[in-house]
Every structure is written in structure tokens, then in C-alpha cells.
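What follows is a short report on a single structure.
No value in this document is a laboratory result; all are computed from the given coordinates. Note that this is a predicted model, so its numbers are computed, not measured. No Cβ is skipped: glycine too gets one built from the backbone with ideal geometry, and neighbour counts run over all protein chains shown.
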Amino acid sequence: MADDLEPYTRRDTQHVAASERPTSAEYDRYITLVQLYRAHDYQPEIVRLAPFSVADVATNCILVRADRDVLWLADRLGLDAPRDQISGWISRAEAAFARFRNPATGLWHSWDLRADAPVPTATHAGFLAFWAGVGDAGLADHLDQWLAGPRYGLASVRADDARFERRRYWRGPVWAITNFLIGEGLAESGFDRLAERLRNDTAELISEGGFFEYFDPLDGRGCGGDRFSWTAAMWLAWAGLQPFERDREQE
């Protein structure tokens, strides 16, 4: 973090409880990066100068999914040369994905390129492997265990992790958009029960809590911004397509 950090005013905590947003220490790090990038006019050299560099598991999974979609278009249009190039991208990515699998946890972690080691905390982003088309039964078993704790899935950090914070942004809450991506990938990979669990939980969270930005995985309370457009979009496109099913013993 920069020692000469410029003063700044956070706008997010003027609208949302500070306990549901990134901490001040985290924001200081964000602003440090902003100052660094601005000082170097956002040129490519900042990749070498930045204090951290991470191969993000979510970004890479979404990229491969996009490559598969482009490959589908090339097939439909009969474009052989682009098809070969795109297939090469996908093959190289699939081979490289082994780096994200942490043998100590069996989960997919982002990779710290500075330390040449996995980022210590696994997040729900690792299950986007199913969206990328490279998830497997072992990862599905880990997802089953992840879902066994909180009342609602999918917590963005496992509930028994020391870094879990149930209402703080990406450190614990459930996000409808991520549930959709993982759920669609699970369904496409044949893990229908897990896919339905995510869809049903998302439907219940939204129907009872409203269109919040994210949700507490323990009690379902809406957190962050209200009337959030991408949560509403997930209801229209996925979670609200049919009535959700859940046994309610109290009813």
C-alpha cells in the first residue's frame, strides 16, 4: 500500500452499511492501485509494477466459456481456420487449469503470480469450472460439502473458513449472478441435483428478500444495494422460471 495515499471519500458506505462493504484497509489497497495506474498513464508496464499479480480463476473460467461459444459460432458458420485457432485456445487453457486445483483442499484457487502459490482462500468462483466445462465429480463432491453448512447456497466463502464474513461483499454472501453461472454449468455437466439446489435457494432468497445485491447465507437477509438489476435479471431469466420446491416443516 502507498505511504502517501491521497485522501478520498467512499461513496458506497453512504448508501450501504459499512459492515456489508469492503473494509477501509481493502479500499486503501484499491486506491493505491488507482494511483499507480494513473501515474503510469494506464500503460502495459503497470503489469510488472503492480504490487500483486493474480491469475483469477473466475476470469479464466468465463474466458474459456466465451471461447467455447465463439467456437460454436465458427462451427455454425463453417469457418474452419478460426475454428482451429479457437480450439487451440481452449486446449491450452484446459491444460493450464490444473494449476488452479489445490491438492491441499481439492478446490480451485486463484493463483498468486508473485508468490507462485495458490491464493489461501478458496471462493465460490472455483466452481465456475462447471461453467467452463471442466468441472468433474470430485469438484461436485466438494460443492456438496460446501452447501451442507449454511441454510442458503452458495456462500461465496465456505462458512467454516476463518475468513468467512456472512454479510461482507464477496467474503461470504450469496450472489444470484454467480449461482446462475455455476448452476447452468452444473446442469450442462449432468449434476442436476446440485443445479436445482442452487436455483431453488436463489428463488427463495429473491422471493422472500427482494432484489438485493447479495444475501446472507445463514438467515437469507438481503444485503448491499436494493432493487439490484442483475438480481432481477436472474429472477426473470433463471430462478423464477418455475415455482421452487422446498420442504417447509413449519408450514
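Remarks
- Stokes-Einstein translational diffusion, region 89-135 - Kirkwood Rh over all Cα pairs, 1.306 mPa s, 10 °C, in µm²/s: 143
- Farthest towards the positive end of the charge dipole of the chain, among the residues G153, G190, A125, is the Cα of A125, using unit charges on the Cβ of Lys, Arg, Asp and Glu.
- By average C-beta atoms within 10 angstrom, highest first, the peptides 169-176, 145-152, 16-23, 113-120: 169-176, 145-152, 16-23, 113-120
- Set against the labelled values (1) 19.8, 61; (2) 19.6, 65; (3) 18.5, 60, Rg and Dmax of the Cα atoms in Å computed from this structure falls on (1).
- Student exercise, region 76-148 dipole from Lys, Arg, Asp, Glu Cβ charges, in Debye to nearest 20: 180
- Base-10 log of normalised Debye intensity for region 55-115 (one unit scatterer per alpha-carbon) at q = 0.12, 0.15, 0.18 Å⁻¹: -0.37, -0.53, -0.68
- Sorted peptide list for 5-12, 83-90, 177-184, 190-197, criterion being average Cβ within 10 angstrom, highest first: 177-184, 190-197, 83-90, 5-12
- With K and R counted +1 and D and E -1, the other residues having a Cβ less than 9 Å from that of L107 yield a net charge of +2.
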